[in-house]
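Single-structure report; data block below.
Only the coordinates and a few stated rules stand behind these numbers; no lab work does. Every value quoted in this text rests on a predicted model; they were computed, and no experiment measured them. Please note: Cβ atoms are built from the backbone with ideal geometry, for glycine as well, and neighbour counts cover all protein chains shown.
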Amino acid sequence: MNLFTAFQLPIRFALALGLTLAATAPALAQTKTLRFVAHADVKILDPSFTTAYITRNFGYMVYDTLFAQDAKGQPKPQMVEKYTTSKDGRQWTFTLRPGLKFSDGSVVSAADAVASIQRWSTRDSFGPPLRAAGAEWQVLDAQTFKLQLKEPFGMVLEALAKPSGFPVLVMPERLARLPTSSPISEVIGSGPFLFKRDEWVPGNKVVFVRNPGYVPRSEPASGLAGSKKPAFDRVEWLYLPDANSSVAALQKGEVDFVEMVPPDYITPLRSDANVKLLPSSAQQGQLIMNHLYPPFNNPKVRQAVLKAVSQERFNAAMGYPLDMRMTYCATYFICGSANDTPAGSEPYRTTDLAKAKQMLSESGYKGEKVVLLVASDVPYLNALSLMALQTLRSIGMNVDGISMDWASIGARRAKREAPEAGGWNAYTTVANEFSINSPIVSTYLGAACGNSLPGWPCDKALDELRAAWISETAPAKRRLALDAFQRRAFETVPYINLGQYFPASGARKELKGVDRLWGGIPNLWVLDK
Amino acid sequence: MNYLLRRLFATLPVMAVVAVVVFLLIHLSPGDPAALIAGDLATTEDIEKLRAALGLDQPLWRQFALWLGRVLSGDLGMSIFTQVPVTKLLAQRLEPTLSIAVLTMALTVCVAVPLGTLAAHRAGSWTDRLVMLFAVLAFSVPVFLIGYLLIYTFAIRIPLFPVQGYVHLSEGVGAWLNSLALPCINLALVYIALITRMTRATVMEVLQEDYIRTARAKGLGVLAVLGHALRNAAIPIATTVGVGIALLIGGVVVTETVFAIPGIGRLVIDSVQHHDYPVIQSVLLLSAGVYVLINLLIDLSYRLFDPRIQY
């Protein structure tokens, strides 16, 4: 018997099996499902605990908010039906919409709202200024609660409608009263979707189904406000760690939406007729410096580095095409935002290495070693870190770049020890526009001495200017206060803005409503297909 | 039976050493899960509070004792991040991992053993050279590259299979096989290359033996002769297949990542990246157990191929 003849059987079997498999397409689901590739894996389910964007996005799926920003960035009532304020702005009353229910069947009450606000205020950057204004939250009846202020506070609605960082997401009082020292794992909300815990595969998939008990507003969806009645019965958030596979899955139509398209794939996807590329929210690269130790405890050194930074080169290093990055953004508060101002940026609008070297020399820098933490596992952070390393060296700084994963940087940056004793001098990171678009939300510009944020900037003048901006209610004066704040920020340089860019999302062409997606926060209830 | 008991008893010190080494390695490496959980804008005080809540501020020996006590009572603990029991995380990953391991090895054995035998039978011919060329290529080209090529060819250009994802067996055998086809072919290529070469070498050696010459002189057909040869060449092949299964169960990170298969490999890498101590410790301890068990099974299987072996 010829051996080739002997192997014909398995070969035929393999071919037949292949054809059978090819013909056996997965059964089409009866339910209308949106398959969404999230930018990260959901690990923590408590959006009142961490500022991780993926957890915030999870929060928007299952919780609702008292107020929300519409597509124009204006705060609008969401769970609140109506509100009143006294003439002096010190007393506010809020009434909840009737019929709101949590996913466990219980009715949403004013006590739940107040407990959720109190939990939020212990974590969010609006908490301290609200407390400084003497804010007291009181339950009046099952549907109504009150805010009593000792001092006027002009940003009450902005605070309650804050879209990112820590949004005010309403949970049952019994959960909201739990200690804030560790995350809550129970998920009970009144939002548009229910979390299917039984189908959750950490590291792979999060499943949501439409919440039958959700009570939408009558207004159409706009930004994060209005009706959140979803068109999809089921939403699957997939975590695809391989960029190539996620893009291939989008091209093939296995997934409907990729939240963050890696820069390398933007150009090829532009020529794919089945995919729409959508601009996401603005992001800002940041060089965070440790103000406790030399050389960055000296503002003149920080100014010298700022003069050496070319935002265009930092953005280019990340790989974004020209139309998705800015050559220069003068403001700390996102170019194009309501708080966009060039005040104070005049000396730094052009990069000048010779001038930067001179400034460094005049600063008294003695060649102290700079320990730069280089993130090795996150491509865009790695690009920013390597550019920072080159920039610092190009003006004559003695830099020791230490490569480590982002997890290790997260641990090391919290250490206050001297750099040679396990601490650090600098690292790079990025922030979404909602985390930096005003003096109150931009945590790294919070320079209250004794603050605990890694970097530990301390500048009494800047902190006072921040407080002045927060307490000012007249728009014109507020603008002046903003300019004064930013001028001082450019003098003291709490951190360095490395440039503004705009990541892209990718959607299948058959997906409707993508023009109503807003601010890089996946308000998926606006989508349909 | 005595041998079996002795071997099982001998696994205890191995597991103890693994437990200590794994615990020390991951706790002494830089990184802090509390800092990661707390997020980008957490203060030093927030992180310290969380460390205390998670028990990470306890002395290392105490953390080890607590973990060991729980493991001995059958409780693998909870993921620090997701608050999901480690046993549940493992259970979720077991089916995809076992599916990949079994299908990959089945495919490997079905292809590699006949191919290696054919190459040995035709040693020196163009057939042999072609088989060896294939083996060298399949072994040398990086797994992720082959994965991307498979996706491009058989998922994008010729849309036979999905790009990514795993379908559970309970959702239908066809869909299950469909979702595993590309990852298993991707992985099997490496093992096919390895086992083909091994089969060829051992079969060629056996084919030189006197009893094979005798068999041929008696007029036995080619297939019967090769059958005799294969049985005598089976021990190294079985060993490689066994180790291959253990490696596949231990996790195949690259393939699981490229095809988005939620297997043990991704779980380990993800846990290491996040310093999720309870998950890493449990998975590595179990992986060590699987290795020990499979090695034992391999040893026991030798008797099937060669009854002269006694324990």
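Computed from Cα atoms alone, the Kirkwood hydrodynamic radius reported for segment A:416-480 is 13.6 Å. A dipole drawn for chain A from +1 and -1 charges on Cβ atoms has a positive end, and of A:TYR293, A:VAL139, A:VAL430 the residue lying farthest that way is A:VAL139. Each of A:TRP237, A:TRP92, B:TRP61 has some number of other Cβ atoms within 10 Å of its Cβ, and from fewest to most they run B:TRP61, A:TRP92, A:TRP237. For the protein assembly as shown, the list of Cys residues with no other Cys C-beta under 4.7 Å reads B:CYS110, B:CYS184.
Altogether, the Stokes-Einstein calculation at 37 °C and 0.692 mPa s, with the Kirkwood radius of segment B:161-311 over Cα pairs as Rh, returns a diffusion coefficient of 179 µm²/s. Partner shielding of A:241-252 amounts to 6, given as the average count of beta-carbon atoms from other chains within 10 Å of each residue beta-carbon.
Measuring max minus min along each principal axis, the C-alpha atoms of chain B give extents of 83, 57, 35 Å (largest first). Counting only other chain Cβ atoms within 10 Å of each residue's Cβ, the peptide A:35-47 averages 3.
Want the number for A:ALA142 to A:VAL107: 0.36 nm per residue separation, take away the alpha-carbon distance, what's left?
Net length gain for the segment: 11.6 nm.
Taking the DSSP beta bridges with both ends in chain A, the antiparallel portion is around 75 percent.
Mean per-residue shielding of peptide B:270-277 is 4, counting Cβ atoms of other chains within 10 Å of each Cβ.
Can you tell me how segment A:230-371 classifies by the Cα gyration tensor, rounded, prolate or oblate, using a/c under 1.5 as the rounded cut?
Prolate, since a/c reaches 1.5 and a/b exceeds b/c.
A:LYS82 sits among other residues whose Cβ lies under 13 Å from its own Cβ, and their net charge, with Lys and Arg +1 and Asp and Glu -1, is +2.
Between rounded, prolate and oblate, where does segment A:216-297 land on the alpha carbon gyration tensor, with a ≥ b ≥ c its root eigenvalues, rounded for a/c under 1.5, else prolate if a/b exceeds b/c?
Oblate shape, in that a/c is at least 1.5 and b/c is the bigger or equal ratio.
For A:LYS477, the lysines whose Cα falls under 23 Å of its own Cα, not counting residues fewer than eight places away in the same chain, are A:LYS72, A:LYS87, A:LYS150, A:LYS162, A:LYS460. Loop-located trypsin sites (Lys or Arg not before Pro) across segment B:174-234 with a Cβ neighbour count of 11 or fewer within 10 Å are B:LYS218, with loop assigned by DSSP.
The angle between the Cα long axis of helix B:2-28 and the longest principal axis of the Cα atoms of chain B comes to about 50 degrees, rounded to the nearest 10.
Would you please calculate the Kirkwood hydrodynamic radius of the protein assembly as shown over all C-alpha pairs and express it in Å, rounded to one decimal?
Kirkwood radius, the protein assembly as shown: 30.0 Å.
Per the Debye calculation on segment B:214-253 with a single equal scatterer at every Cα and no solvent contribution, log₁₀ I(q)/I(0) for q = 0.14, 0.20 Å⁻¹ amounts to -0.48, -0.65. Centre-to-centre separation between the Cα atoms of segment A:356-408 and those of segment B:19-35: 28 Å.
Counting every Cα pair in segment A:145-271, what percent are over 25 Å apart? In whole percent, the long-distance tail amounts to 48.
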